[in-house]
């Protein structure tokens, strides 16, 4: 069985606005191996987030082939895709996306509410995830009571609480100061190194990209050859 988690061939995405067409991605061929920490770099508008969203099953390609964990994700129905994402994909956003009226515990528990776990099992998973990101002492705090770096750590705990196969991070340090950013990158590196998580991280920051084991660059929707 192939140990490639992601395989794309000739992947393209065209956004249509009125009579205009904008090619966000053009003929992207990408392989992400199991256990890889891939840093996707490129200027704003280069197609990084579009590619990330297509791989995660949030968006669909206009043409080309996409296989994630051996499955043709682009051909799945919306219902099957949602169930597949909940099992296999954890997502970390730049803006944290925590629900302000829920505690850290309740925010992290959200993905588990779609599973068949008992409340006790859910609690064990949530506490383990928050402990892994160093926030077991903040379990009952609301987002407004946390720093930006702590909010992002809660977001990472939420992303990993279901033990997903693939962790996607879209500019995870973009809203953080240098110290908090380094803490977040250290957590991602540890998830990759110690827990063998396959990670795809979009970033424009060379300091963040240094934490990745492989770095690829996008320019105007085209994936540059390895090493460029």
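The values are calculated or read from the model by the stated rules, or taken from the named source; none is laboratory data. Owing to the predicted nature of the structure, the values given are computational and were not obtained by experimental measurement. Cβ: placed from backbone, ideal geometry, glycine included. Neighbour counts: every protein chain shown.
Select from the range 1-50 the residues that are part of a strand (DSSP E or B), within 21 Å of the chain's Cα centre (by Cα) and farther than 19 Å from residue 73 by Cβ and list them in ascending order. Steps first, please.
The initial filter retains those residues of the range 1-50 that are part of a strand (DSSP E or B), namely 4-17, 20-33, 37-41.
Now restrict to residues that are within 21 Å of the chain's Cα centre (by Cα): 4-9, 11-13, 24-25, 28-33, 37-41.
Selection gives 37, 39, 41.
Going by the structure shown, is residue 211 touching a helix residue (DSSP H, G or I) at 6+ places or on another chain (Cβ under 7 Å) and surrounded by 13 or more Cβ atoms within 10 Å (Cβ to Cβ)? Yes.
For the range 71-98, the set of residues classified as loosely packed, with under 12 Cβ neighbours inside 10 Å and touching a residue at least 40 places away in the same chain (Cβ under 8 Å) is empty.
Applying the selection to the range 188-197, what residues are surrounded by fewer than 19 Cβ atoms within 10 Å (Cβ to Cβ), more than 15 Å from residue 152 (Cβ to Cβ) and in contact (Cβ under 8 Å) with a residue 60 or more places away in the chain?
Of the range 188-197, the ones surrounded by fewer than 19 Cβ atoms within 10 Å (Cβ to Cβ) are 189-190, 193-196.
When the remaining residues are screened for being more than 15 Å from residue 152 (Cβ to Cβ), the result is 193-196.
Listed by number, the list holds a single entry, 196.
Looking at (1) in contact (Cβ under 8 Å) with a residue 60 or more places away in the chain; (2) crowded, with 18+ Cβ neighbours inside 10 Å; (3) within 21 Å of residue 222 (Cα to Cα), which is the one condition that is false for residue 43? Tallying (1) in contact (Cβ under 8 Å) with a residue 60 or more places away in the chain; (2) crowded, with 18+ Cβ neighbours inside 10 Å; (3) within 21 Å of residue 222 (Cα to Cα), residue 43 fails exactly one: (2).
Does residue 57 count as outside any strand (DSSP E or B) and either more than 19 Å from residue 218 (Cβ to Cβ) or out of contact with any strand residue (DSSP E or B) (no Cβ under 6 Å at 6 or more places or on another chain) (or both)? I'd like the intermediate steps shown before the answer.
Working: outside any strand (DSSP E or B): yes; either more than 19 Å from residue 218 (Cβ to Cβ) or out of contact with any strand residue (DSSP E or B) (no Cβ under 6 Å at 6 or more places or on another chain) (or both): yes.
Against the criterion (outside any strand (DSSP E or B) and either more than 19 Å from residue 218 (Cβ to Cβ) or out of contact with any strand residue (DSSP E or B) (no Cβ under 6 Å at 6 or more places or on another chain) (or both)), residue 57 qualifies.
For the range 216-227, the condition of being in contact (Cβ under 8 Å) with a residue 24 or more places away in the chain, closer than 28 Å to residue 22 by Cα, more than 17 Å from the chain's Cα centre (by Cα) and in a loop (DSSP other than H, G, I, E, B) holds for at least one residue.
Is it true that residue 110 is within 20 Å of the chain's Cα centre (by Cα), surrounded by fewer than 21 Cβ atoms within 10 Å (Cβ to Cβ) and either free of Cβ contacts under 8 Å to residues at least 60 places away in the same chain or assigned to a helix (DSSP H, G or I) (or both)? Against the criterion (within 20 Å of the chain's Cα centre (by Cα), surrounded by fewer than 21 Cβ atoms within 10 Å (Cβ to Cβ) and either free of Cβ contacts under 8 Å to residues at least 60 places away in the same chain or assigned to a helix (DSSP H, G or I) (or both)), residue 110 qualifies.
Rundown of residues vs (1) assigned to a loop (DSSP other than H, G, I, E, B); (2) in contact with a strand residue (DSSP E or B) (Cβ under 6 Å, 6 or more places away or on another chain); (3) surrounded by fewer than 21 Cβ atoms within 10 Å (Cβ to Cβ), yes/no style:
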residue: 123; (1), (2), (3): no, no, yes
residue: 140; (1), (2), (3): yes, no, yes
residue: 150; (1), (2), (3): no, no, yes
residue: 158; (1), (2), (3): no, no, no
residue: 183; (1), (2), (3): no, no, yes
residue: 186; (1), (2), (3): no, no, yes
residue: 199; (1), (2), (3): no, yes, no
residue: 204; (1), (2), (3): yes, no, yes
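Can we say residue 129 is in contact (Cβ under 8 Å) with a residue 12 or more places away in the chain, part of a helix (DSSP H, G or I) and over 17 Å from the mean Cα position of the chain (by Cα)? Outline the logic, then answer.
Working: in contact (Cβ under 8 Å) with a residue 12 or more places away in the chain: yes; part of a helix (DSSP H, G or I): yes; over 17 Å from the mean Cα position of the chain (by Cα): no.
Taking the combined requirement at face value, the residue does not satisfy it.
Residue 174 passes all but one of (1) in contact with a strand residue (DSSP E or B) (Cβ under 9 Å, 6 or more places away or on another chain); (2) in a loop (DSSP other than H, G, I, E, B); which number fails? Of (1) in contact with a strand residue (DSSP E or B) (Cβ under 9 Å, 6 or more places away or on another chain); (2) in a loop (DSSP other than H, G, I, E, B), only one is false for residue 174: (1).
Scanning the range 7-31 for residues that are surrounded by fewer than 17 Cβ atoms within 10 Å (Cβ to Cβ) and in contact with a helix residue (DSSP H, G or I) (Cβ under 8 Å, 6 or more places away or on another chain) yields nothing. Among the residues of the range 61-84, those that are under 21 Å from residue 169 (Cα atoms) and either at pLDDT 95 or above or touching a strand residue (DSSP E or B) at 6+ places or on another chain (Cβ under 8 Å) (or both) comprise 61, 66, 67, 68, 69, 73, 74, 84.
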